[in-house]
Amino acid sequence: MSALAVNVTIPESLRWTDTRRGQEFQLTTLNVRLLPDGRLAVKAYGRPVAGGRGAYVSFPVPDDPELASLVAKAATRAAALWADHRGLG
C-alpha cells in the first residue's frame with residue numbers, strides 16, 4: 001500500500017485563491033492521504049478563476065485551524081468507513 005486517500009469539498013466559507021504562473025485559482029477540494037507511516041499529507045486543488053479549460057492544479061494548504069479541523073474530520077470519517085469495510089468497526 002502506498003497511501004489511502006479521500007477527497008473533501010472545501011466549504012464556500014473556507015475557500016481561498018492562489019496564483020500560479022500568473023493565473024489565479026480558487027481552491028475547492030482537499031485531497032487527504034494517509035501515508036504508510038501514519039502521517040497525513042494534504043493538498044488543495046482548484047481551477048482557474050477566469051474559467052475556461054484550465055488544469056485542475058494542486059497547491060499547499062495554508063496553516064489554518066478551520067482547515068486543519070476539516071482535514072481531521074475527513075481522516076476520521078475515512079478511517080471509520082475503511083474499518084467498517086474491513087469488518088473492524
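Among residues belonging to the range 66-85 that are under 25 Å from R20 (Cβ atoms) and either of a type outside the set (D, E, K, R) or at pLDDT below 95 (or both), point out the one that is nearest to the chain's Cα centre (by Cα). Can you show your working first?
Taking the range 66-85 as the starting set, the residues that turn out to be under 25 Å from R20 (Cβ atoms) are 66-68, 70-71, 74.
Checking which are either of a type outside the set (D, E, K, R) or at pLDDT below 95 (or both) leaves us with 67-68, 70-71, 74.
Values: L67: 9, A68: 10, L70: 9, V71: 7, A74: 9 Å.
Filtering first and then ranking leaves V71.
I'd like the full set of residues that are in a loop (DSSP other than H, G, I, E, B) and modelled with pLDDT under 85, limited to the range 27-42.
Passing the criteria: L35, P36, G38.
Please determine, by comparing only the residues of the range 43-62 that are farther than 14 Å from N31 by Cβ and part of a loop (DSSP other than H, G, I, E, B), which one is modelled with the highest pLDDT.
Narrowing the range 43-62 to residues farther than 14 Å from N31 by Cβ: 47-55, 62.
Pick out the ones that are also part of a loop (DSSP other than H, G, I, E, B) and you get 49-55, 62.
Working: V49: 91, A50: 87, G51: 78, G52: 67, R53: 68, G54: 64, A55: 76, P62: 95.
Top of the filtered list is P62.
Mind checking which pairs have a first residue in the range 3-26 that is part of a strand (DSSP E or B) and a second that is surrounded by 11 or more Cβ atoms within 10 Å (Cβ to Cβ) and of a type in the set (D, E), Cβ under 7 Å, 6 or more apart or different chains?
Pairs that qualify, where the first residue is part of a strand (DSSP E or B) and the partner is surrounded by 11 or more Cβ atoms within 10 Å (Cβ to Cβ) and of a type in the set (D, E), are T17/E24; F25/D18.
The values are calculated or read from the model by the stated rules, or taken from the named source; none is laboratory data. Bear in mind the structure is a predicted one, so any value in this text is a computation, not a measurement. Because the Cβ atoms are built from the backbone with ideal geometry, glycine has one as well, and the counts that use them run over all protein chains shown.
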